Amino acid sequence: MKTDELINILSTGAQPVPQHAAEKRISMALLAGVVISFILLLMIYGIRPDLKEISTSVAFWMKLGVPLANVIIGFIFVFALAHPGKLPKLGYWVLAIPIVVLWGWALWAWNATDPTARLELLWGKTWRVCILNITFLALPVGATALLALRNLAPTKPVLTGAIAGWLAGSAGASVYALHCPEMAPPFLAVWYVLGMIVPSAMMAYMGHRYLRW
Amino acid sequence: MMEQELRNLMLRALDGNAESYQCFLQRVSSVLRAYLRRRLTSAPDEVEDLLQETLLAIHTQLHTYRRNEPLTPWLYAVARYKMIDYLRRRSRHEARHDPFEDDAEWLAVSGEATNESKRDLETMLDALPAHQRLPIQHTKLEGRSVAEAAAMTGMSVSAIKVGVHRGMKALAKMWKEQA
């Protein structure tokens, strides 16, 4: 086939391309993912009964704020990566800021605690299920993000997948924070972060498989 | 200068102006042909295939260009992605097949530039389901309006539009897999 023929076929009957369609699609997808994740939380885990009492504590806001910061920063990167030729305006190190803050806080708490009581801070009572629960609650967000990204054009599919997974893991963690009884900073610094890394690795693979165009 | 000119054409194309879009694709194809030729010196006969694949990608990804941003970075990013994807496929293909045979094949078809690829869109079109094939045939090949195509097929106007869009994406995918 001649290239001119192809051009004629492509341009014949050209339709207007809707504006901001990509922005709307990816935002709606993530919103839908978070809503599904929240419904799963209500159905399976339930919200912790003392939410009102702890909602004034620093620990609770750190636990919610760090993953939410990850979600916002992750979104900025995923959005840029999904558009060809658009470089993220921030350096990739910005992704690490919430985690550095969390670890700083955890180390401070670790040092301020009597050595005999430290292990309790790290292991808590629910470390066995933490990673699994966060990954489970990340699944809806990961799935909707993947669907939205398949309609866009990431030129680095693996990296885009990984950061979308990081975003999904963080969204899962912030939803899970409404149920999870753990409040110790070292627990959050280890298990919550691992719970974000697992979806990130899964989505890097999904990016490799499903985000090529 | 190229940026300004291409961007003006692109913005009109995004508003649905077919003439500007055709002109845009023609300019882009000569720019990208030169770009790909410089980089694929080992396989000059593949340039036109890859160029057409890139044009198809530009077409199916038009919505990922944001109107307030410069156009050339977007264009080159799409072209570069398609080229890297092609090289990746080719090296995988060569690992499985005898590379000498491929060389002989390239030598055999090597000739003057005809701006023609080895693909045939119409045979690929036959592989599409009717609800994508018919909208493309009526609107893209025979140049009918969406409303006419809807009346002829008994499909709704939006089903025609969706069929064209999804069908073009499916063709772009087939195009890749044929390589």
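Some points to look at:
- Some residue of region B:41-48 being modelled with pLDDT of 90 or more and hydroxyl-bearing (Ser, Thr, Tyr): no
- Selection over region B:1-36 of residues that are away from chain A (no Cβ under 12 Å), open to solvent by 30 Å² or more (accessible area, probe 1.4 Å) and closer than 19 Å to B:Ala57 by Cα gives a count of 3.
- A:Ile47 falls short of the stated requirement of being surrounded by 16 or more Cβ atoms within 10 Å (Cβ to Cβ), touching a residue at least 40 places away in the same chain (Cβ under 8 Å) and hydrophobic (A, V, I, L, M, F, W, C).
- Criterion applied to A:Trp123, A:Trp105, A:Trp93 was being more than 14 Å from every other protein chain (Cβ to nearest Cβ) and either surrounded by 17 or more Cβ atoms within 10 Å (Cβ to Cβ) or in contact with a strand residue (DSSP E or B) (Cβ under 8 Å, 6 or more places away or on another chain) (or both), and the one residue passing it is A:Trp105.
- Unique match (being open to solvent by 60 Å² or more (accessible area, probe 1.4 Å) and more than 7 Å from chain A (Cβ to nearest Cβ)) among B:Arg90, B:Arg80: B:Arg80
- Residues satisfying the stated conditions in region B:49-69, i.e. open to solvent by 20 Å² or more (accessible area, probe 1.4 Å), outside any helix (DSSP H, G or I), facing chain A (nearest Cβ under 8 Å) and of a type outside the set (Asp, Glu): B:Arg66, B:Arg67
- Which listed residue, of A:Leu40, A:Leu31, is modelled with pLDDT of 90 or more, open to solvent by 80 Å² or more (accessible area, probe 1.4 Å), hydrophobic (A, V, I, L, M, F, W, C) and within 19 Å of A:Val175 (Cβ to Cβ): A:Leu31
- Any chance A:Tyr210 is aromatic (Phe, Trp, Tyr) and over 15 Å from the mean Cα position of the chain (by Cα): yes
The values are calculated or read from the model by the stated rules, or taken from the named source; none is laboratory data. Fair warning: this is a prediction, and the values are worked out from it, not measured in the lab. Positions of Cβ are generated from backbone atoms using ideal geometry, with glycine treated the same way; all protein chains shown enter the neighbour counts. The protein model used for the area step is the full one, side chains on, heavy atoms only, and it has no ligands, DNA or RNA in it. Shrake-Rupley method; radii C 1.70, N 1.55, O 1.52, S 1.80 Å.
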